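Asks: My questions will all concern the structure given below.
The values are calculated or read from the model by the stated rules, or taken from the named source; none is laboratory data. Note that the structure is predicted; figures quoted are calculated from it, not measured. Cβ sites come from the backbone with ideal geometry, for glycine too, and all protein chains shown count toward neighbours. Just the protein is used for accessible areas: all its heavy atoms, side chains included, with ligands, DNA and RNA removed. Shrake-Rupley method; radii C 1.70, N 1.55, O 1.52, S 1.80 Å.
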Amino acid sequence: MACPRGCALEVDVAEAPAGGREALAVRGNACKRGEDYGRAEVVDPRRSLTSTVRTEGTRRRRLPVRTSGTVPLGRLVEAARSLDSVVARPPMKCGQVLARDLLGLGVDLVATDDLEEEGAVPAAAAKPGAGVAKPGAAAAKPGAAAVKPAAGAQPSAGAPRRGRS
Amino acid sequence: MIERERRDVVVLGGGPAGLAAAVAAAEAGADVLVVEREERLGGILKQCVHDGFGLVRFGEQLAGPEYARRYVDLAEARGVESRLETFVHSVRREGPGGAAGGGGPAGAGRATDQGSAAGSGGAAGPGPLVLTCVSQDRGVFEIEAPSLVLATGCRERTDRQVFIHGERPAGILTAGLAQYLVNVEGLLPGKRAVVLGSGDIGLIMARRLTLEGMEVEGVYELKGEPSGLSRNVRQCLEDFGIPLHLSTTVTEVHGKRRVEAVTVASVDARGQAMAGTERRVACDTLVLSVGLIPEDETALSLGLDLDPSTRGPRVDQAGASREEGVFVCGNALHVNDLADYVSESGAAAGRAAAERALGGAASRPERRLAPVKAGPGFLYAVPQYIDLSRPGPAVLYFRSNATLREGARLVARALGPGGEETGLLLKKSYAALRPPEMERIEIDVASIPEGTASVAFELERKESLRG
């Protein structure tokens, strides 16, 4: 389950002397990763959290984020809710930390995409309810192109607009 | 006069397939242009904020936007250029002399099973491909290239393609649209959702909507088993206590302006709703995850023949279609379950597209296409041809058409013109096969004997192996 292969695992479980559960043996796994996952799944299931956070100062409405490590499954929803107060402001690079030690769980919140300054618009337009961005609105923002836009693709004031001739 | 630019390779679509194709073509020395209709590169990965991407390609678990970012950075480093917010209106082939080729693809560009002269703009070969494009800043313009890579991805099936009675009020949306609204626009589509279909996007959206505060009443699947990957059933439904109702479907939608409820019913072995099993479920949102279909409008306009089992064009191991210079990759070819494989097929197509554009007719031997014949037990196998003139490993993907829990063995044989076996190419055992989980194999073209006319795939079930 740690990978798309999706091996069906069988895990022998025993009550641990100190309370809780203990994994004795894992079968059906194709690799070490599967064994680790099988053990963790019966003792202390953990998940990464992926979500998005609000943005300010850019035309993009959300920035995708994830936790730097896994959090206990039982606290996943709580962790997701805690993102409501996080706001991302450009410029921001993929991998940059937005919040440290989320809920004291020992994991950071990191951006999973760049947030470019070039896409910036007045803050008013980025407020919720400002409406879905029109495709045309972006044409005036050449910085939205991540890969170098081809020569001539960037609109400039003096460039003639070519249409059907 | 319409402005025209010339490139070695033009890639249609800037998602994981197109970017990989562009990177590979640029690495092979080609001048590459990516045409993308959206304002940012990355394709559907921009809205796939969940992780699980890149384990095969990069050896680590990445979120969709992170995976896309890796390829955007690679493309930038290789000097790939892009035209964003640009739509391709039409694609045509020009005659060798530069005259327009009568609107449709010229017959001269068509390869046959026996192979045909591969040319790139020479007097004898087919002329270049010309894309008529439209963008806000440039208006109408043309791009001319000897090689075109179609990386246009796939579309979702909608409520029009599944049989549901009742009203069509607001609140019915595809899983991909729900994903766009939540992950890109930051808007929740409703308060209480029913998900129809257990495809991966539906499962992932059940989790997303739950984490964002919606109640997901349940996921309903017509078939007797989930359509998505096992890990998604576990981590998207079971983790959150969302029930999965198998052999159950939505038969009717209720509500005048907004969805108020749906009727669900159990289905029999033929997928027909059974009388007396109907149940009314209150909800304000119906999310549809009922399948994906390759986007093949451009392919059809070029006259490419489609494989009815994949709904995408027929190609060889380099994504080369029967139309000279037209390559197809990623979800435009067949719907993949991993972005990693989408990129892999993109890279193969990009390399071959660059080779054709740069080398011209002289460097390429005649194509010798051996059809891949997938026997009973297969949903499909891709590619549909192996070009025996193209050296190196050929990567093939297949899906079984039923769940084989007891396992199965794949046997690939080379056959002569009369159907006689000329060589055993591959034997591979699988502990289990499921239709949602695509399998990948490699066959070394050098291992295929001379005189081979086709390659046959057979699936032997484990039960029959014992007997």
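Asks: Set the Förster distance to 22 Å, then compute FRET efficiency between residue B:165 and residue B:258 from the Cβ-Cβ distance, nearest 0.05.
Replies: According to the calculation, E is roughly 0.80.
Asks: Mind checking the full-extension length gain between residue B:442 and residue B:389? Use 0.36 nm per residue of separation minus the Cα-Cα distance, one decimal, nm.
Replies: Taking residue B:442 through residue B:389 to full extension adds about 17.4 nm, to one decimal.
Asks: Next question, about the same structure. Provide a whole-number value for the mean count of partner chain Cβ atoms within 10 Å of the Cβ atoms in peptide B:57-70.
Replies: 4
Asks: Counting other Cβ atoms within 10 Å, which chymotrypsin sites (Phe, Trp or Tyr not before Pro) in segment B:142-236 have at most 12 and lie in a DSSP loop?
Replies: Answer in residue order: B:163.
Asks: Still on this structure, please answer the following. Can you tell me the alpha carbon radius of gyration of segment B:175-221 divided by the globular rule-of-thumb value 2.2 N^0.38 Å?
Replies: 1.00
Asks: So what are the radius of gyration and Dmax for the Cα set of segment B:313-389, in Å?
Replies: According to the Cα coordinates of segment B:313-389, Rg and Dmax are 12.9, 41 Å.
Asks: Continuing with this model, one more query. Report the Cα centroid-to-centroid distance between segment B:406-467 and segment B:365-388 in angstrom, as an integer.
Replies: 12 Å
Asks: Follow-up. Is there a pair in B:191/B:223; B:46/B:373; B:223/B:428; B:46/B:428; A:32/B:191; B:46/B:462 whose C-alpha atoms are over 30 Å apart, and which pairs would that be?
Replies: B:46/B:373; B:46/B:428; A:32/B:191; B:46/B:462
Asks: Rounded to a whole number, what is D in µm²/s for segment B:143-188 from Stokes-Einstein with the Kirkwood radius over alpha-carbon pairs (37 °C, 0.692 mPa s)?
Replies: 236 µm²/s
Asks: Need the per-residue list for segment B:1-23: every residue with at least 30 Å² less accessible surface in the complex of protein chains than in the chain by itself, probe 1.4 Å, sorted by number.
Replies: B:1, B:3
Asks: Return the tail of the calculated pair distribution for chain B, meaning the percent of Cα-Cα pairs more than 41 Å apart.
Replies: Of all Cα-Cα distances in chain B, 22 percent exceed 41 Å.
Asks: A follow-up question, please. Nearest 100 Å² is fine: what is the total accessible surface buried where chains A and B meet, probe 1.4 Å?
Replies: Using a 1.4 Å probe on protein heavy atoms, the buried area is about 4500 Å².
Asks: How much of the calculated P(r) for segment B:376-467 lies past 23 Å, in percent of all Cα pairs?
Replies: 25 percent
Asks: What is the calculated FRET efficiency for residue B:192 to residue B:366, with r their C-beta to C-beta distance and R₀ = 56 Å, to the nearest 0.05?
Replies: Calculated value: 0.35.
Asks: Here is a follow-up. When only DSSP loop residues count, what trypsin sites (Lys or Arg not before Pro) in segment B:120-200 have their Cβ near at most 13 other Cβ atoms within 10 Å?
Replies: Those that pass, being in a loop and sparsely packed, are B:191.
Asks: Can you compute the FRET efficiency between residue B:142 and residue B:58 using 1/(1 + (r/R0)^6), with r the Cβ-Cβ distance and R0 = 25 Å? Round to the nearest 0.05.
Replies: Once the sixth-power term is evaluated, E becomes 0.10.
Asks: For segment A:22-91, divide the Cα radius of gyration by the Kirkwood radius and give the resulting Rg/Rh value with two decimals.
Replies: That ratio is 1.18, to two decimals.
Asks: Then there is this: Given the Cα atoms of segment B:218-327, and with Rh set as the inverse mean 1/r over their pairs in the Kirkwood sense, what is Rg to Rh to two decimals?
Replies: Ratio of gyration radius to Kirkwood radius for segment B:218-327: 1.13.
Asks: Determine the shielding of peptide A:57-67 by partner chains: average, over its residues, the number of Cβ atoms on other chains within 10 angstrom of each Cβ.
Replies: Shielding by partners across A:57-67 averages 4.
Asks: For residue B:87 paired with residue B:279, estimate the spin-label separation in nm (one decimal), with each label point 7 Å from Cα along the Cα-to-Cβ line.
Replies: 4.5 nm
Asks: Here's something else I'd like to know. Hand me the GluC sites (Glu not before Pro) from segment B:186-291 located in a DSSP loop with no more than 12 other Cβ atoms within 10 Å, in residue order please.
Replies: Nothing satisfies the criteria.
Asks: Report the Cα centroid-to-centroid distance between segment A:22-99 and segment B:144-208 in angstrom, as an integer.
Replies: What the calculation gives is 24 Å, centre to centre.
Asks: Working from Cα positions, state the angle (0 to 90°, nearest 10) between the long axis of helix B:64-77 and the longest principal axis of chain B.
Replies: Between the helix axis and the principal axis of chain B, the angle is about 20 degrees.
Asks: Using a 10 Å cut-off on Cβ to Cβ distances, tally the other chain neighbours for every residue of B:132-141 and report the average as a whole number.
Replies: 5
Asks: Tell me, Kirkwood radius of segment B:210-270 from alpha-carbon pair distances, in Å?
Replies: For segment B:210-270, the Kirkwood estimate is 13.0 Å.
Asks: Please list B:167-179, B:263-275, B:320-332, B:367-379 highest first by mean number of surrounding beta-carbon atoms within 10 Å per residue.
Replies: Sorting B:167-179, B:263-275, B:320-332, B:367-379 by mean packing, highest first, produces B:320-332, B:167-179, B:367-379, B:263-275.
Asks: Taking the highest mean first, how do the peptides A:29-39, A:44-54 order by number of other beta carbon atoms within 10 angstrom per residue?
Replies: The packing order, highest mean first, is A:44-54, A:29-39.
Asks: How many percent of the alpha carbon pairs in segment B:137-234 exceed a separation of 18 Å?
Replies: For segment B:137-234, the share of Cα pairs beyond 18 Å comes to 57 percent.
Asks: How do B:280-290, B:399-409, B:438-448 rank on mean C-beta neighbours within 10 Å, highest first?
Replies: Packing order, densest peptide first, comes out as B:280-290, B:399-409, B:438-448.
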